[in-house]
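Notes for the one structure printed next.
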Amino acid sequence: MPGTTLLALRILISLDVARAICLGDFFTAPEPEKARRLWDAGIYDASVTFFTAGQKLDEATAQKLARSAAGAETRSFSFGDCPTEKPRPKETKKSWLALFTAPTAAKITANELKVGGSSTCTEISVRWVGSSGVSQPLEKKLDKSKDGFWQLPAKDGVATVTCGHDLPLGKPSDLAPELWFSIPTGKGPSIRSPHQELLANTQDAKKSFMTWINSIRADEKKMPLERIDEANSMPGVPDLTSDSTPFHDRKSLRTMKELGKTKLGLVMTGENRVVAATLADSAWLFWNSPRHRDLLLDPRASHALIQSKNNKGQGTVLSVVLFSR
């Protein structure tokens, strides 16, 4: 499993990056606005964590801080100085620090996407979604550099890059696929997900989320899902929110798969999980990720188990939806 012993230094030179992180309300901005700021700054990482520090950082100090804050999925970091809008005498210097799951950045030129190779991936897949419908795979094309590239669609939507870790001959890895990059195409996605107004009721978040899921399934002529709350109280059911990250825990999922089959007679089809500040933000992230949307619209699915966890310290909610048939 990838670790944090080797953190590659990413070079980010855009002033827009520093402004997005250091100035204004970036950390509290809605997900569509936050994504747009990062995209405008040339950052396409789907899983990135930002920090600010009340000191000027050099590379050694930044790497030390990155190691202490990194999770098992972190593979690279970047840092820089924060700009000041109105510098004051004796003002303390501030810096920003970013942690990434991808070892290198995505490079986009004339709608051609290139992704640096990684020894941690057994497969790199690229998929695209538009304003409706399920995702479409994008095939890699060869070029003189032998690295190859993916041609991004001109239509409005989002393309994502996923790093897979499954071994050859059908041997699954304990490390699930990781969403590395999320890239706007055309004018990008809408800032609102369909039926977003249904998520205003936060008193019963699970009910609101299920209503939203069934509404978008109705738009796509898919049968509604039944919520299986009783599964949360069954003996041995793991808490899928115990790890407050967007990364899948395949060991817990194997347990859920076995319990679902033996206790409920259901076959698990997949898990969606996302960390966001609000239900509306969670829905936007689900809708604008090809793999997440494909599970939302899976025609085979008949039931869904929803778990959630509030992280009051960070002002975020981890939402997990487990689909089965």
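Where a number appears in this text, it was derived from the coordinates with a stated rule and is not lab data. Bear in mind the structure is a predicted one, so any value in this text is a computation, not a measurement. Backbone-built Cβ (ideal geometry, glycine too); neighbour counts: all protein chains shown.
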>> Within the range 8-100, count lysine pairs with alpha carbon atoms under 20 angstrom apart where the residues are 8 or more positions apart or belong to different chains.
In response: 8
> Can you sort His303, His292 so the residue with the fewest Cβ neighbours within 10 Å comes first?
Replying inline: His303, His292
>> Among (1) 21.0; (2) 23.8; (3) 19.7, only one was calculated for this model; which label is it, if the read-out is Kirkwood radius over Cα pairs in Å?
In response: (1)
> Would you list Glu271, Glu220 from fewest to most Cβ contacts within 10 Å?
Replying inline: Glu220, Glu271
> Counting Lys +1, Arg +1, Asp -1, Glu -1, what net charge surrounds Lys34 among other residues with beta carbon under 14 Å of its beta carbon?
Replying inline: -4
> Tally Lys and Arg at +1 and Asp and Glu at -1 over the other residues with C-beta under 13 Å from the C-beta of Leu7: what net charge comes out?
Replying inline: +2
> For Lys221, which aspartates and glutamates qualify as cross-link partners when the Cα separation must be under 13 Å and same-chain residues fewer than eight apart are set aside?
Replying inline: Asp298
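Based only on other Cβ atoms within 10 Å, what is the fewest-to-most ordering of Ser242, Ser47, Ser252, Ser145?
Numbers: Ser242 11, Ser47 20, Ser252 16, Ser145 8.
Ranked by crowding around the Cβ, least crowded first: Ser145, Ser242, Ser252, Ser47.
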> Using the alpha-carbon centroid of each, what span in Å lies between the range 245-285 and the range 118-172?
Replying inline: 23 Å
> Which of the aspartates and glutamates could a cross-linker bridge to Lys140, judged by Cα under 13 Å and excluding same-chain residues fewer than eight apart?
Replying inline: Glu112, Glu123
>> For the range 209-241, which trypsin sites (Lys or Arg not before Pro) pass both filters: DSSP loop (anything but H, G, I, E, B) and at most 11 other C-beta atoms within 10 Å?
In response: Lys221
> Of Ser78, Gly42, Gly24, which is farthest along the charge dipole of the chain in the positive direction, counting Lys and Arg as +1 and Asp and Glu as -1 at C-beta?
Replying inline: Ser78
>> With unit charges on the beta carbons (Lys and Arg positive, Asp and Glu negative) and the dipole taken about the Cα centre of the chain, which residue among His292, Leu113, Phe181 sits farthest to the positive side?
In response: Leu113
>> Taking the alpha-carbon distance from Lys261 and a cut-off under 17 Å, which lysines remain once sequence neighbours fewer than 8 residues away in the same chain are dropped?
In response: Lys251
> How large is the charge dipole for the range 90-178, taken about the Cα centre, if only the Cβ atoms of Lys, Arg (+1) and Asp, Glu (-1) carry charge, to the nearest 20 debye?
Replying inline: 380 debye
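For the range 8-100, would you read off the P(r) tail past 21 Å as a percentage of all alpha carbon pairs?
Values: 1284 of 4278 pairs.
Counting pairs separated by more than 21 Å, the tail of P(r) holds 30 percent.
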> Build a GNM of the chain with springs between Cα atoms under 10 Å: which of Asp81, Asp229, Asp16 gets the top mean-square fluctuation?
Replying inline: Asp229
> Mean residue ellipticity at 222 nm from the helices of the chain, using -39,500 (n - 2.57) per DSSP H segment of n ≥ 4 over the full residue count, to the nearest 500 deg cm²/dmol?
Replying inline: -6500 deg cm²/dmol
>> I want to verify a result. In a Gaussian network model of the chain, Cα cutoff 10 Å, which of these has the top mean-square fluctuation: Val237, Val275, Val17?
In response: Val237
> Relative to the Cα centre, what is the charge dipole magnitude of the chain, using +1 at the beta carbon of each Lys and Arg, -1 at the beta carbon of each Asp and Glu, and rounding to the nearest 20 debye?
Replying inline: 220 debye
